[in-house]
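Student: The structure is given below, and queries will be raised subsequently.
The values are calculated or read from the model by the stated rules, or taken from the named source; none is laboratory data. Since we're looking at a predicted model, the values are computed, not measured. Every residue, glycine as well, gets a Cβ built from its backbone with ideal geometry; the counts of neighbours run over all protein chains shown. Only protein heavy atoms, including side chains, enter the accessible area calculation; ligands, DNA and RNA are left aside. Shrake-Rupley method; radii C 1.70, N 1.55, O 1.52, S 1.80 Å.
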Amino acid sequence: MSLDRIDPAQYESQLADKLAAFKADFAGLGLPEPEVFRSAPLHYRMRAEFRLWHHGGRIDYAMFESAGDSKKVVLIEDFPAAAKPICDLMPRLRDTLQESEVLKRKLFQVEFLATHSGELMVCLVYHRPLGDDWVEAAQALADRFGVQLIGRSRKQKIVLGRDWLLESFELDGRTLRYQQIEGSFTQPNVGVNRQMLGWASRQVADAGGDLLELYCGNGNFTIALAPAFDKVLATEVSKSSVRAAHYNLHANGVDNVTMVRMSSDEISDALAGGREYRRMKEVALDSYRFSTLFVDPPRSGLDAATVELARGFDRILYISCNPVTLRDNVAALQDTHEIAAAAVFDQFPYTHHLESGLLLKRRA
C-alpha cells in the first residue's frame, strides 16, 4: 500500500473503481447488483507490521516501496490505516525502544495486533538470541504500556503475558468472542468483518438442515452461522486455527459444531465414499442432512474436487478474497447453480483487493 493513497477524500472513487472491475469480471454470469459494505476510511486495520530501520544512531519504523528494479525505504512517522490504539502506541514504543540498548539491539521487525474490545499485543523480532537481560527490560516495557509482549528470534519465542487476545463484538443481538493467536490468521478489518458476518448470516437464515463448512479458520464464520442449522461439520488444516476454533466454540456456547482437521480435498473424498480417514472415525457422516455448503478458501479458490463436491449442494455460500478464482469457480458451476445474491466488502481500502460474497442456489 502506498502511504500517499491513504486519503479519505479518495475513498469513494477508489471503491467505485474496484466495484466496477468486480462487476465487469462477472459479466455474463448473471450477477445481481451487489450490496456494498464500506470500511471506515481511517484506523481500520487491527494488524500492522513494520521493519525497524537503524540509521544515524536512531531507529524508525519503515516500509519498502518498489522503485524500478530496487526497493525504496520509506520511514514511517504515522500509519493512519492502523487502529487508533496501534497509532497511539507507535511513537511511544519507538521512543522507549530507542532509549534501551538491550531492547533495540538487532531488533528488525515490530508486529502489532489490536482488538475492537481494547486488547493490544506487540511482537518484537530479533536477529540475535534473547537472554535474561532482554526479559527484564521487555517485562518493564509490557507493564508500562499494558500490552501482551512477545519476543522472537531464531528458534526462540518468549511470551510475557499470553500469546493471544480475546476479541468481542455485537452481532444481531449476540456478543461474539474470538481468541486470536499470535502468528495465526485473523480478519484484519473488524468493522468490515462484522458486516461480512451479518450478510452471511442473513443468506442462511431460512436454510435449515445441516451445514458443511470448509476452511473454517478460527471459527470466524462458524460461530455466526451455527444457530441457523441443526448441525455443522467444520474443517480446517491449521493446528493453531483448530485450537482457537475449539476455544471459540466453547467461549460462545456453540454446541452443534463438530470440528475436523482435514483439507478440502480430504473431506471431499470422504463424502464421496473414498478411503477411511482416522480423523473421521468419530464422525457419523450418514447422520448429516446437508442443505448448505459454506466456503472461504485461500486466494487459489476451490480445487476441482471441491467444485465437484459443491455440485451436490442446493445452496453454496462463498466468501472470496480473490474475484478471479471466484469467477472461475462460479463459471464451472454455471450448469447447476445460479447467483442468487452478491456482496462486496472493502476489507483493504486504498488497495486493489476486494473481498466478495456470493450465494449460489441450485437451478430449478
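Student: In deg cm²/dmol and to the nearest 500, what is the mean residue ellipticity at 222 nm of the chain if only DSSP H runs of at least 4 residues count, each as -39500 (n - 2.57), divided by the residue total?
Tutor: Numbers: 10 runs with 107 residues, N = 364.
Result for the chain: -9000 deg cm²/dmol, rounded to the nearest 500.
Student: Moving on to the next point. Which whole-number value in Å² is the accessible area per residue of the chain, probe 1.4 Å?
Tutor: Numbers: 16490 Å² over 364 residues.
Result: 45 Å² per residue.
Student: Where the only charges are on Cβ atoms (+1 Lys, Arg; -1 Asp, Glu), what is the dipole of segment 223-307 about its Cα centre, to the nearest 20 debye?
Tutor: On the way: 10 positive and 11 negative charges, 50 e Å.
The calculation lands at about 240 debye.
Student: Multiply the residue gap between His55 and Asp172 by 0.36 nm, knock off their C-alpha separation, and tell me the result in nm, one decimal place.
Tutor: Numbers: separation 117, 0.36 × 117 = 42.12 nm, distance 5.00 nm.
Full extension from His55 to Asp172 adds 37.1 nm.
Student: Dividing the convex hull volume of the alpha carbon atoms of segment 243-322 by its residue count, what do you get in Å³ per residue?
Tutor: Values: hull volume 10.0 nm³, N = 80.
Per residue, the Cα convex hull of segment 243-322 comes to 126 Å³.
Student: Protein chains only, probe 1.4 Å: how do His127, His250, His54 rank by accessible area, largest first? Walk me through the numbers before you get to the answer.
Tutor: Details: His127 125, His250 155, His54 90 Å².
Order by accessible area, largest first: His250, His127, His54.
Student: Using the Cβ atoms and a cut-off under 12 Å, what net charge is assigned to the surroundings of Val307, where Lys and Arg are +1 and Asp and Glu are -1?
Tutor: Values: positive: Arg311; negative: Asp265, Asp303, Glu308, Asp328, Asp335.
Here the count lands on -4.
Student: Sticking with this one: Tell me, what is the FRET efficiency for Lys157 and Ser287 to the nearest 0.05, using R0 = 45 angstrom and their Cβ-Cβ distance as r?
Tutor: 0.65
Student: If you don't mind, there's one more thing I want to ask. Between segment 275-340 and segment 196-250, how far is it from one alpha carbon centroid to the other, in angstrom?
Tutor: If we compute the Cα centre of each part, the gap is 14 Å.
Student: Order of 198-206, 7-15 by packing, highest average Cβ count within 10 Å first?
Tutor: Details: 198-206: 16.4, 7-15: 13.3.
Ranking the peptides 198-206, 7-15 by packing returns 198-206, 7-15.
Student: Can you pick out the pairs among Lys104/Lys155; Lys18/Lys231; Lys23/Lys231; Lys106/Lys157; Lys155/Lys239; Lys231/Lys361 whose Cα atoms lie more than 25 Å from each other? Please report the intermediate quantities before stating the final value.
Tutor: Details: Lys104/Lys155 19 Å; Lys18/Lys231 37 Å; Lys23/Lys231 35 Å; Lys106/Lys157 16 Å; Lys155/Lys239 19 Å; Lys231/Lys361 20 Å.
Those over the limit are Lys18/Lys231; Lys23/Lys231.
Student: When a/c reaches 1.5 or more, the comparison of a/b and b/c decides; with that in mind, is segment 1-51 rounded, prolate or oblate per its Cα gyration tensor?
Tutor: Since a/c reaches 1.5 and a/b is larger than b/c, the shape of segment 1-51 is classed as prolate.
Student: Taking the alpha carbon gyration tensor of the chain, what are the square roots of 5 times its eigenvalues, largest first, to the nearest whole Å?
Tutor: Values: eigenvalues 304, 128, 64 Å².
Ellipsoid half-lengths, sorted descending, are 39, 25, 18 Å.
Student: In what order, largest first, do Lys18, Lys157, Lys84 sit by accessible area if the probe radius is 1.4 Å? Before the final figure, lay out each step's value.
Tutor: Working: Lys18 25, Lys157 85, Lys84 105 Å².
Largest accessible area first, the residues go Lys84, Lys157, Lys18.
Student: Could you look at the chain and say what percent of its accessible area is carbon and sulfur, using a 1.4 Å probe and all protein chains?
Tutor: Numbers: 8060 of 16490 Å².
Ligands and nucleic acids excluded, carbon and sulfur reach 49 percent.
Student: Taking the alpha-carbon set of segment 197-278, what are its Rg and Dmax in Å?
Tutor: 12.7, 37
Student: Turning to a different aspect of this structure: Taking 0.36 nm per intervening residue step and subtracting the Cα-Cα distance, what contour gain separates Asp25 from Val324 on full extension?
Tutor: 106.9 nm
Student: In whole angstrom, and with the biggest value first, how far do the Cα coordinates of segment 241-281 range along each principal axis?
Tutor: Result, largest extent first: 35, 18, 15 Å.
Student: Step by step: find N for segment 183-321, compute 2.2 N^0.38 Å, then divide the Cα radius of gyration by it. What's the final number?
Tutor: On the way: Rg = 14.0 Å, N = 139, 2.2 N^0.38 = 14.3 Å.
This ratio for segment 183-321 stands at 0.98.
Student: Moving on to the next point. Can you tell me the Rg and the Dmax, both Å, for the Cα atoms in segment 62-120?
Tutor: Here Rg and the maximum Cα pair distance are 13.8, 42 Å.
Student: Over what distance in Å are the Cα centres of segment 1-47 and segment 64-141 separated?
Tutor: 29 Å
Student: To continue, here is another question. Quick one: Karplus J couplings for segment 232-249, per residue in order, coefficients 6.51, -1.76, 1.60, θ = phi - 60°, nearest Hz, x for Gly and Pro?
Tutor: Residue by residue, segment 232-249 yields 10, 10, 10, 10, 6, 9, 6, 4, 5, 5, 4, 4, 5, 4, 4, 4, 5, 4 Hz.
Student: Mind pulling the angle between the C-alpha long axis of helix 132-145 and the longest principal axis of the chain? Nearest 10 degrees, somewhere in 0 to 90.
Tutor: So the inclination is approximately 70 degrees.
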